[in-house]
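Note sheet for the following structure.
The values are calculated or read from the model by the stated rules, or taken from the named source; none is laboratory data. Owing to the predicted nature of the structure, the values given are computational and were not obtained by experimental measurement. Methodologically, a virtual Cβ is constructed for each residue, glycine included, from the backbone with ideal geometry; neighbour enumeration extends over all protein chains shown. Heads up: the accessible areas ignore ligands, DNA and RNA and are worked out on the full protein's heavy atoms, side chains in. Shrake-Rupley method; radii C 1.70, N 1.55, O 1.52, S 1.80 Å.
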Amino acid sequence: MTMAKVIVVTSGKGGVGKTTSTAALGAALAQTGKQVCVVDFDVGLRNLDLVMGAERRVVFDLINVINGEAKLHQAIIRDKRLDNLSLLPASQTRDKDALTEEGVAGVIEEMRDKFDYILCDSPAGIERGATLAMRHADIAVVVTNPEVSSVRDSDRIIGLVDSKTQKAENDERVEKYLLVTRYDPIRADKGEMLKVDDVLEILSIPLLAVVPESQDVLKASNLGMPVTLGSPNSYAARAYTNAARKITGENVSVEIPQDTRGIFSKFFARKAA
Amino acid sequence: MRFLDFFRNKGGSAPVARDRLQIILAHERATLSANPELLATLREEILAVIARHMPIDRDKVNVSMDRGDDVSTLEVEVELPLEGGPNPLHVAAE
């Protein structure tokens with residue numbers, strides 16, 4: 001009966017773009033017409049509300065729902081731009097122990113009846129918060145920067161997805177996808193940054209999207225708008241939109257940002273450097 | 001030479017990053033994922049084989065593994081009971 005898909009957006013390392021990716025992917029999925037809720041699991045350090053532009057509308061949060069202090073529908077904030085997009089914020093004040101295994105299971109179960117996609121924005125690290133965020137996942141989106149510490153941490157997280165999720169424990173498969181963010185094609189081309197192929201070869205999970213380092217993503221966060229809504233024609237927005245279509249089962253090929261400068265400007269940039 | 005460098009992609013640090021990652025991750029995957037269950041299984045099976053031939057104390061069997069870049073070692077340490085001492089198998093059988 002439950003057709004809903006739970007997606008965890010995870011990375012191990014902090015600051016790689018989990019929250020902006022959750023917001024952008026969530027909005028992109030909602031733009032395909034699906035009922036979507038993004039859930040902030042970063043208890044104590046909530047930020048998804050800010051990136052979604054809903055920070056002044058938070059009344060109740062995930063912990064309130066778990067503790068029975070609020071009903072799910074009271075805590076959920078409906079997006080003002082897309083009425084099939086919702087947010088369940090994290091608590092800012094409680095300590096992480098407030099997040100319980102049974103509590104999370106109950107909330108996710110209740111949400112499965114109401115939404116097509118539930119996106120769980122994982123906290124950084126490999127502690128309880130991160131394992132609870134991935135616990136019920138059907139799909140794991142591993143956000144990775146083309147940089148050694150991020151790739152190493154992603155490898156750890158993939159190991160956890162394969163062992164600590166409910167699906168893994170039931171011998172079922174969690175679909176895993178790689179989302180490369182902060183990619184700089186010029187530096188990758190010069191051999192100064194790991195290429196997408198390098199990261200793919202090392203982590204060996206299918207590629208979902210490559211989002212270049214971009215002003216549009218920062219601007220979107222500044223304005224409290226997922227980039228797919230704020231700058232829909234930007235490269236980043238297209239990457240997330242294609243990622244969303246891929247998640248819904250469409251056969252979309254992944255575009256890898258290229259160094260588009262002409263041969264002469266490349267030559268002179270090298271000479272100058 | 002600069003002109004030739006333009007056609008060759010050399011001098012970048014990314015290949016070093018890739019190689020270092022491949023080495024460290026091969027090491028970590030082996031120690032982090034395979035080890036706990038593998039060691040417990042090895043310990044039980046080694047214990048069973050030895051116990052078939054001589055009495056041993058279950059707590060005095062130690063199995064450890066160390067994976068290195070070049071050499072990996074499996075260390076099995078079994079402390080045998082003193083000769084002429086009480087035979088735990090015998091005692092248990094009685």
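Holding the Cα-Cα limit at 31 Å, pick out from A:Lys18/A:Lys167; A:Lys5/A:Lys190; A:Lys114/A:Lys167; A:Lys13/A:Lys190; A:Lys80/A:Lys167; A:Lys96/A:Lys246 the pairs that are longer than that.
A:Lys5/A:Lys190; A:Lys80/A:Lys167; A:Lys96/A:Lys246
What residue among A:Leu223, A:Leu160, A:Leu87 shows peak mean-square fluctuation when chain A is described by a Gaussian network model with Cα springs under 10 Å?
Looking only at A:Leu223, A:Leu160, A:Leu87, the largest GNM fluctuation is found for A:Leu223.
Taking only Cα atoms and a 10 Å spring cutoff, compute GNM fluctuations for chain A and point out the largest among A:Leu119, A:Leu194, A:Leu179.
Taking springs between Cα atoms under 10 Å, the residue moving most is A:Leu194.
Given a Förster radius of 41 Å and the C-beta distance between B:His53 and B:Ala26 as r, what FRET efficiency does 1/(1 + (r/R0)^6) yield to the nearest 0.05?
0.65
Length gain on complete extension for the stretch A:Leu45 to A:Met3, per 0.36 nm per residue less the alpha carbon to alpha carbon distance?
Length gained, A:Leu45 through A:Met3: 12.0 nm.
Place a point 7 Å from Cα of A:Asp95 in the direction of its Cβ. Which residues in region A:126-143 have their backbone N less than 19 Å from it?
Of the residues in region A:126-143, A:126-132 have backbone N under 19 Å from the label point off A:Asp95.
In nm, to one decimal, how far is the modelled label at A:His73 from the one at A:Ser204, with both set 7 Å along Cα→Cβ?
4.9
For chain A, list the DSSP H helices whose alpha carbon atoms reach 15 Å or more along the long axis and whose average Kyte-Doolittle value is 0.0 or above?
A:18-31
Please give, to one decimal in nm, the separation of the simple spin-label points placed at A:Thr260 and B:Leu82, each 7 Å out from Cα toward the Cβ.
Output for this residue pair reads 8.3 nm.
Once both labels are modelled 7 Å past Cα along the beta-carbon direction, what's the A:Asp197-B:Arg43 spacing in nm?
Distance between the two pseudo-spin positions: 4.6 nm.
Place a label point 7 angstrom from the Cα of A:Asp113 along the Cα-to-Cβ direction, then list the residues of region A:67-82 whose backbone nitrogen is under 15 Å away.
Output list for this probe position: A:71-74.
Less than 10 Å Cβ to Cβ from A:Leu132, Lys/Arg counted +1 and Asp/Glu -1: what total charge do the surrounding residues give?
+2
Round to the nearest 10 and report in Å² the accessible area of A:Lys176, as given by a 1.4 Å probe over the protein chains' heavy atoms.
Here the accessible area works out near 40 Å².
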